[in-house]
Structures are given as C-alpha cells and as structure tokens.
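First the structure, in the form of structure tokens, and then the observations on it.
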C-alpha cells in the first residue's frame, strides 16, 4: 500500500471526515488565542478555564440543554468570580484562580458523578475528548466559534498586541483595557469549549500553548508566531488523527504527543534558540563552520 492510499483510506469514513475538519479548526484557533496567553505569561489561565467548564457541561446535560453553551457560561462565570475576588480582597490573582477553578472542577466532577447514577454519561469523554464521535451539528458549531475568534483576533490585532506587551501603556493611551481583558477571557472560553471534543478538559492546555511556544522558538514577530503556530496546530491535529486511526490509540493524547514532539525538536534545533545549536555547543560550532 503506497503513501497516497494510506492518506486517502481514512477519508472514506464520515466520522474521520468530521473529525479532521474539527481538528483543523481547533488547531487554528487554539494557536491564535494561545499566543496571547503565552505572551502575557498567563498560560495556566487557559488550563484553569478548561477545568472550570465542567459544572456547566454537567448542568447542561442534566437539563437536556446544549452542553457547549453550558460550558461557555461556566467558563466565563468563573473568570468573573476570579476578577471579583481579586478586586474585592487582598487575595492575589493566582491564588484566586487556584481557589475558584479547583472549586468549579470539583463541583463538575461531583455533579457528573450524581448524574451518572441515573444516566449513562462517560466522564472520560469530557476529560480526554471524543473527537471520533463528533456530529455534523458540532462541526457547524465549532466552525461558528472559530470564525468568531478569528474575526476578533484580526479586528483587534493592534489593540491586543499593544495591550499584551504594555498593559500600562495601553491604558495610558486610552484603550479600553478592561474590555480587552474580558474579551480575551471570552475568546479563551470559546476556544476551550471548541476544543473539548478534540482533546478534552485535561489536555486542552497543550493545544492552547504548545503550538505558539514552538513557533516562538522559530520566528521573531507576533503575527509570525500566530501564523506558524496555526500551521503547527493544524499539522499536529491531522497527524494525531492519522496516528489514532492506524494505531488505535486515543486521538486527543495522540494530537498532544505530536505537538509536544514539534516543541521538543524546536527546543533542540531552533536556529535562534535551540539548545543544541547555540554557538557554544558542538553542533552549533559545526553549523557555524559549515556556513
């Protein structure tokens, strides 16, 4: 069997077509939003929001409502509670995040455990994703979320760029920094919700941060990091899906393993920041001599 046949074989199944479409969309939006998180040194915020959506998922399932809307409401609500604690008490933001998001996650696990007594609900699908089970309506919903996030990033690129690198300067310049901050939180929540089917609550941080971090080691400018990060996210998602299909391994962890491998390669061999390509290393000396 040649390579072309191997590439085409999974595409004959509808579930693989839907899975690849949603994986590509999530790979793009995670890289775009995750780049801002990485630049602002708020990587763990994505993980925190991902864990806080669990009670929204559980309540929406119990009420026979759209679980993604429930997850989005829970994610945004948790950020509002964190902001309220930070502004109304001397507790710092990182401590407030730890308190609120762990409480939300614990509440979600408890609610799902109670619901499982009367309903068949697989907690692992929420925690680790179930991309092979996506429906056509979920693909459409993810596409809508993706278009909203991409449009917001394009329209507010300059403002978010200024705010990300110099929050005080952006405030002094008259930019609505509070609204920008809230808008970024909403974008994170939307991206997390869109990623739940792909990698689940536990692994979503990797898809949010690793593509952008990998691109950061390879290119110097923010828009380049975002574009290259999106490419890495898409390639990782597609490669992980094919690995999942041919080797019968969970798709979410497969995607994360691929994107983590890309980061390791960039960390070791990046021309600008590679551990093994710095001027003082043996490989770096050899590369300099050959050039």
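The values are calculated or read from the model by the stated rules, or taken from the named source; none is laboratory data. Predicted model, so just to flag it, every value in this text is computed and none were measured. Reconstructed Cβ throughout: ideal geometry from the backbone, glycine too, with neighbour counts over all protein chains shown.
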Inset, instruction - Please state which one of 162, 128 is within 28 Å of residue 252 (Cβ to Cβ), crowded, with 16+ Cβ neighbours inside 10 Å and touching a residue at least 12 places away in the same chain (Cβ under 8 Å). - result: 128
Inset, instruction - Given the conditions (1) over 21 Å from the mean Cα position of the chain (by Cα); (2) part of a helix (DSSP H, G or I); (3) farther than 22 Å from residue 193 by Cβ; (4) free of Cβ contacts under 8 Å to residues at least 60 places away in the same chain, report the number of the one that residue 6 does not fulfil. - result: (4)
Inset, instruction - Take segment 95-115 and flag every residue that is surrounded by fewer than 16 Cβ atoms within 10 Å (Cβ to Cβ) and over 16 Å from residue 202 (Cα atoms). - result: 95, 99, 110, 113, 114
Inset, instruction - Determine which single condition residue 192 fails, assuming it passes every other condition in (1) modelled with pLDDT of 85 or more; (2) on the phi > 0 side of the Ramachandran plot; (3) touching a helix residue (DSSP H, G or I) at 6+ places or on another chain (Cβ under 6 Å). - result: (2)
Inset, instruction - Considering (1) over 20 Å from residue 151 (Cα atoms); (2) surrounded by 24 or more Cβ atoms within 10 Å (Cβ to Cβ), say which one residue 193 fails and leave the rest. - result: (1)
Inset, instruction - Please work out which residue is nearest to the chain's Cα centre (by Cα), limiting yourself to segment 227-253 and to residues that are buried (at least 24 other Cβ atoms within 10 Å of the Cβ) and over 12 Å from residue 27 (Cβ atoms). - result: 252
Legend entry - Count - residues of segment 1-45 that are touching a helix residue (DSSP H, G or I) at 6+ places or on another chain (Cβ under 7 Å) and closer than 16 Å to residue 226 by Cα: 18
Inset, instruction - State yes or no: is residue 71 surrounded by 13 or more Cβ atoms within 10 Å (Cβ to Cβ) and without any contact (Cβ under 8 Å) to a residue 40 or more places away in the chain? - result: no
Legend entry - Residue satisfying condition, being at pLDDT 90 or above, crowded, with 18+ Cβ neighbours inside 10 Å and more than 24 Å from residue 131 (Cα to Cα), within set 184, 180, 218: 218
